[in-house]
1. Tell me, which residue of segment 296-329 that is acidic (D, E) and in a helix (DSSP H, G or I) is surrounded by the fewest Cβ atoms within 10 Å (Cβ to Cβ)?
2. When you check D45 against the structure, is it under 26 Å from W215 (Cβ atoms) and either outside the structural domain of L196 (by TED's automatic domain parsing) or of a type in the set (D, E, K, R) (or both), yes or no?
3. What do you reckon, is I297 modelled with pLDDT of 85 or more and closer than 28 Å to T213 by Cα?
4. In this structure, does E167 turn out to be assigned to a helix (DSSP H, G or I), over 32 Å from the mean Cα position of the chain (by Cα) and closer than 30 Å to I58 by Cβ?
5. Between A326, A290, A218, A271, which is over 28 Å from Q28 (Cα atoms), among the small types (G, A, S), touching a Leu at 6+ places or on another chain (Cβ under 9 Å) and modelled with pLDDT of 55 or more?
6. Quick test for you: out of L161, L183, L196, L147, pick the one residue that is in contact (Cβ under 8 Å) with a residue 60 or more places away in the chain and surrounded by 15 or more Cβ atoms within 10 Å (Cβ to Cβ).
7. Do the conditions hold for G96, that is, is it assigned to a loop (DSSP other than H, G, I, E, B) and closer than 14 Å to D52 by Cα?
8. Would you pick out the residues in segment 46-63 that are at pLDDT 90 or above and exposed (fewer than 15 other Cβ atoms within 10 Å of the Cβ)?
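The values are calculated or read from the model by the stated rules, or taken from the named source; none is laboratory data. Nothing here was measured: the structure is a model prediction, and the numbers come from that model. Virtual Cβ from ideal backbone geometry, glycine too; neighbours counted across all protein chains shown.
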Amino acid sequence: MPGKTFRHIAYDNYKAGRAKADDALIMQLKNSRSIFEAFNIPVYDSPSFEADDIIGTICEKYKKDESLNIIIASGDMDTMQLVNDKKVRVYTLKKGINDTILYDEAAVLARFGFKPSLLPDYKGLRGDPSDNIKGIKGIGEKTATILIATFGAIEEIYKQLRITNYELQFKKLGFSDRIIRLLKDNEEEALFSKTLAQIRTDAPINFILPEKTFWEKADLKKIEQIFSLFEFRSLFGRLKSFFNNQKLHTKNSLEGTLGRSGGDGQRKFSAENFRGESERILPREVSDPAKLQETSIALWLINSDISNPQLDDILMFANTDSFQTASEYIFKQLK
């Protein structure tokens, strides 16, 4: 959400140096909410808290529920600190958009060398340039990893530092006088950085687990309208395929709303597509190829971004289910 978070209040330079979000991106983020609303997917937020904190709060609420397994889908690697055995896992990108990975606790341990819950401690020592969390300057990834893997939490590291002959113990583990001095001189910075990196699990949201999945509650007409608004033309076929796979049965047939998709996921249109498949009765003019082609060309002249307009584009452009009405509207606009 716009505005400062509790982390900004605690630390003025939190996320300093990040480029300001482009106005067009901000508009897209706002518009995305209307898309979620059309799909009946709830959106949770809270002023001064980040998305990770909202996710962490939901995980905390349900991680002991034996009837549920939780998968966090996020490109933000910070969420990996929420991983809990196989109960809470993170589904994220590995390399590129099509190469993904599902992290459970064993996978996090294999990657970092310590448990997910210790990731904030790791950042407390190493810092996090992306969020401008300083950590301890001079301690890098390797040293932070060895310290965390050996001692655990930052608090335990400093507990060991206070034990008699601690320097000898640390030197036996290969830590130089310089590293020991850095740790001794920067305890406050390390603990503060850990606090900034730690996901909160007490965000003031009233999360309710939906009784039905979003595709069981979807308002297809509302989805069609929002797709029309944003000109999501190629998504219709994929949407139809998804809902059919979920065996969704609604009063208004999905075929009637979205048309029949071909093998390539694109929508194919002819009068035959609609016979016997929908409660919607299409006008006779749709079966006239010349009339359909004329209207298609007229729409293309009005909006050349819509290449080779199909029946769905014609109906969407005029915001009507009637081809006759749509055709009249388009020619009026063209004139």
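1. At the first step, the residues of segment 296-329 found to be acidic (D, E) are 305, 312-313, 321, 328.
Pick out the ones that are also in a helix (DSSP H, G or I) and you get 312-313, 328.
Details: D312: 19, D313: 24, E328: 14.
Once the filter is applied, the top-ranked residue is E328.
2. Criteria met by D45.
3. On the way: modelled with pLDDT of 85 or more: yes; closer than 28 Å to T213 by Cα: no.
No, not satisfied.
4. On the way: assigned to a helix (DSSP H, G or I): yes; over 32 Å from the mean Cα position of the chain (by Cα): yes; closer than 30 Å to I58 by Cβ: no.
When the stated conditions are applied, E167 does not pass them.
5. Numbers: A290 fails: touching a Leu at 6+ places or on another chain (Cβ under 9 Å); A218 fails: over 28 Å from Q28 (Cα atoms); A271 fails: modelled with pLDDT of 55 or more.
Checking each option against the conditions leaves just A326.
6. Details: L161 fails: in contact (Cβ under 8 Å) with a residue 60 or more places away in the chain; L183 fails: in contact (Cβ under 8 Å) with a residue 60 or more places away in the chain; L147 fails: in contact (Cβ under 8 Å) with a residue 60 or more places away in the chain.
Just one listed residue meets the conditions, L196.
7. No; evaluated as a whole, the condition is false for this residue.
8. The one that is at pLDDT 90 or above and exposed (fewer than 15 other Cβ atoms within 10 Å of the Cβ): K61.
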